1. Within region A:261-274, restricting attention to residues that are in contact (Cβ under 8 Å) with a residue 40 or more places away in the chain and within 11 Å of chain B (Cβ to nearest Cβ), which residue is surrounded by the fewest Cβ atoms within 10 Å (Cβ to Cβ)?
2. Any residue that is more than 14 Å from every other protein chain (Cβ to nearest Cβ) and either among the charged types (D, E, K, R) or on the phi > 0 side of the Ramachandran plot (or both) - is there at least one of those in region A:181-203?
3. Grab the helices (runs of 4 or more DSSP H) fully contained in region A:309-371, keeping just those with 1 or more residues being within 14 Å of chain B (Cβ to nearest Cβ).
4. Look at region B:20-56 and say how many of its residues are in a loop (DSSP other than H, G, I, E, B), of a type outside the set (S, T, N, Q) and surrounded by 12 or more Cβ atoms within 10 Å (Cβ to Cβ).
5. For the list (1) surrounded by fewer than 23 Cβ atoms within 10 Å (Cβ to Cβ); (2) part of a loop (DSSP other than H, G, I, E, B); (3) in contact with a His (Cβ under 8 Å, 6 or more places away or on another chain), I need the number of the one condition that B:Met104 fails.
6. Pick out the one residue from B:Ile81, B:Ile130 that is in contact with a Pro (Cβ under 6 Å, 6 or more places away or on another chain), of a type in the set (A, V, I, L, M, F, W, C) and either without any contact (Cβ under 8 Å) to a residue 40 or more places away in the chain or within 14 Å of another protein chain (Cβ to nearest Cβ) (or both).
7. Out of all the residues in region B:137-160, which are surrounded by 23 or more Cβ atoms within 10 Å (Cβ to Cβ) and in contact with a Leu (Cβ under 9 Å, 6 or more places away or on another chain)?
8. Being out of contact with any strand residue (DSSP E or B) (no Cβ under 8 Å at 6 or more places or on another chain), at pLDDT 95 or above and crowded, with 19+ Cβ neighbours inside 10 Å, is that true of even one residue in region A:244-257?
Amino acid sequence: MDLVLSGGRVIDTSGELFDRAADVRIVDGRIAEIGTGLVGSRTLDVRGLVVSAGLVDLHVHLREPGQEYKEDLQTGTRAAVAGGFTTVCCMPNTSPVNDDRSITELIVRRAAEVGACRVRPIGAVTRGLEGKQLADIADMQQGGAVAISDDGKPVWNAGLLRRALEYARTFGIPLVQHAEEPELVEGGAMNEGAVATRIGLRGQPSITETSMVARDLELVEWTGARYHVAHVSAARTVALVRDAKRRGLPVTCEVTPHHLTLTDLACQHYDPATKVMPPLRTDADLTALYEALADGTIDAIATDHAPHSLVEKEVEFECAAPGMLGLETAVPLVFALVRRGLITMTRAIQLLTIGPARAFALDAGRLVAGGVADVCVLDPERHWTVEATGLASRSKNTPFLGAAMQGRAVLTFVGGKVAYDLDHRLESP
Amino acid sequence: MSDARVFPHRHLLGIDHLDAADIVQILDLANTFFELGARPIKKVPTLRGRTVINLFFENSTRTRTSFEIAAKRMSADAVNISSSGSSAAKGETLLDTAKNLEAMRPDVVVLRHMFGGAPHLLAKHLDCAIINAGDGQHEHPTQALLDAATIRRAKGRVEGLEVAIVGDLAHSRVVRSNIQCLARLGAKIRLCAPWTLVPRGLDEIGGEITRRATRIVTRLDEALEGADVVMMLRVQNERMSGEQPRFPNTREFSRTYGLSARTLAWAKPDAIVMHPGPVNRGVELAPDVADGPRSVVLDQVEWGVAVRMAVLYLLGRVPAGEAEAA
């Protein structure tokens, strides 16, 4: 392939900010040049569109092995490239759990065979996610794991977490915490507050998250290990992370598009699609998250793409499995924040590319000459409606079904190959 | 019974979707049916040929019997299904069960369920009227309506009355329905419990109208001082499993928040005592008060039948499938 993406708004935030109309030439899987007046054997006019490094998602659930009725490595990565993502990190709460090297390698191998994008597994912190024994962390890292997490559950035992952090530090692998103090949950299915009280659902307060992050940061300071807070949702959480960063602690964090878009009010009609963990919070939390996005406290936007079938979702709210899809709606939800003036377009791109790549030390998220051609083309103006039949994911559990969106990935290249082409513009000439 | 006003709802999912006129319409109609209960022949043919299914996923004697009698007095065919005798134990989902029942063409499904929002799920998927007979800790609208009917009969009005609601506010669906019902009828409400049993935003559940009508206090004497109505709530131990303790023990709770002859003296001399039942005797309500002259607990039960007849009348007459959505 020798293709010039011509005249787009090219944004690269990995070094000195690059943000101007330019051409990007892709040759044989690499970015040959970035400049003006470039010539290739084929040219595609992308004026009015944003050209960026392929997006990087630190937090997805691809459900393989074991829960392929919800999603698998093929459908999940197709959803990824349809959302502009070229690298996704998949959580270990599969069946069996990714807690040893054979599972890690299985995921890597299967993803290479059927995956539409790059898949970087996250290994478990503890065997079976049970919070008792350490999983084979170094072994999994050798097999391709880029981080460790018991996501879905916290590593709540302080003694075990201390040792996990020390051990992870030995191998330079970040530990990703799902911060949720179990003794404060008390069966809470949504945010504890006025909405939960009104609609009569048990809630869990934001201190469920913040109290664990506060404790963890003490352990991080003690151990010096790389610590990453998954899906921050509460105002106090980002205040704690901001303070920790000021003190120089090796801390990063991510936020989901849905925690930036919806509040607990979205739960008021008992739609199980709005049930997520951590739960959707309040306007005050969203305001704090926006500030933390803008001032650099938050390093990455990660989707926590969590497919569930109707079996888990067409039930009473309190019985429903938590989680919603994220990969295919991330771009429009983030672009909505840009349109509202909460973050700039370049900051949005940074939070979806080099920000997450740096958090897990991934070789991704850069759009530079000579680099691998993982590229996405995003249309900030594209209007579309989320429809179940239009989703690449096997599951359809999103509260945005039927919602009007603005902004969409239209072209995704992985290693210079077309992985997604919404308008069929690059089908054989 | 002339009711020129068209009841504008297809379902009764909660008090939250009723306005004062809807509530008064039900209460006025209940008055008519209440008189019927005093006659030797208590049955009217109004709902002849209609089918009412009482679908109960929680233990209940009082409410289920009340709905059953109400349906039978309206000449409807009433079928009771309780969770022990249903497919719930076999792993069938609520929706599966409900869709199977729907295929048998009921006109009304009365649902009691342990989770908030369960009746809303049925209302979304089923083509018949749904009556919420209590969903988790969300709402229990017919309880609030029968409470309002009882107060209206005992006091002649609801507007302007001072109503104290005391006890387990956190786990109570009765309080959530009552706050909204009483506030819309113009009562003033004091909510009384230790902070461990006061859910955040309880006074705002009906928005501005409940916020203005409601006051949260933690001292029983402050709650009862000058009260016209004292409504004691059941301590719902069954809903507290898996939670941290909300108070040390029933002895201390009873001494601090229980209604006895001693503490009832703080209320107005003619204050009435209410309880949605079943009473934890000696915990929230001393036996002598529960059975005493100021207790209207059994009047509540009697009004329960009349109010449920009124609700069935308003929701059950329209043939399933022909009504406009609520």
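The values are calculated or read from the model by the stated rules, or taken from the named source; none is laboratory data. Just so it is clear, the model here is predicted, and its values are computed rather than measured. Ideal geometry is used to build each Cβ from the backbone, glycine not excepted, and the neighbour counts take in all protein chains shown.
1. Only one residue fits best here, namely A:Gln268.
2. The answer is no; no qualifying residue exists.
3. Working: elements: A:310-313, A:330-339, A:345-352, A:354-359.
Ranges flagged: A:310-313.
4. 5
5. It is condition (3) that B:Met104 fails.
6. It is B:Ile130.
7. B:Gln137, B:His138, B:Glu139, B:Pro141, B:Thr142, B:Ala144, B:Leu145, B:Asp147, B:Ala148, B:Ala149, B:Ile151, B:Val158
8. no
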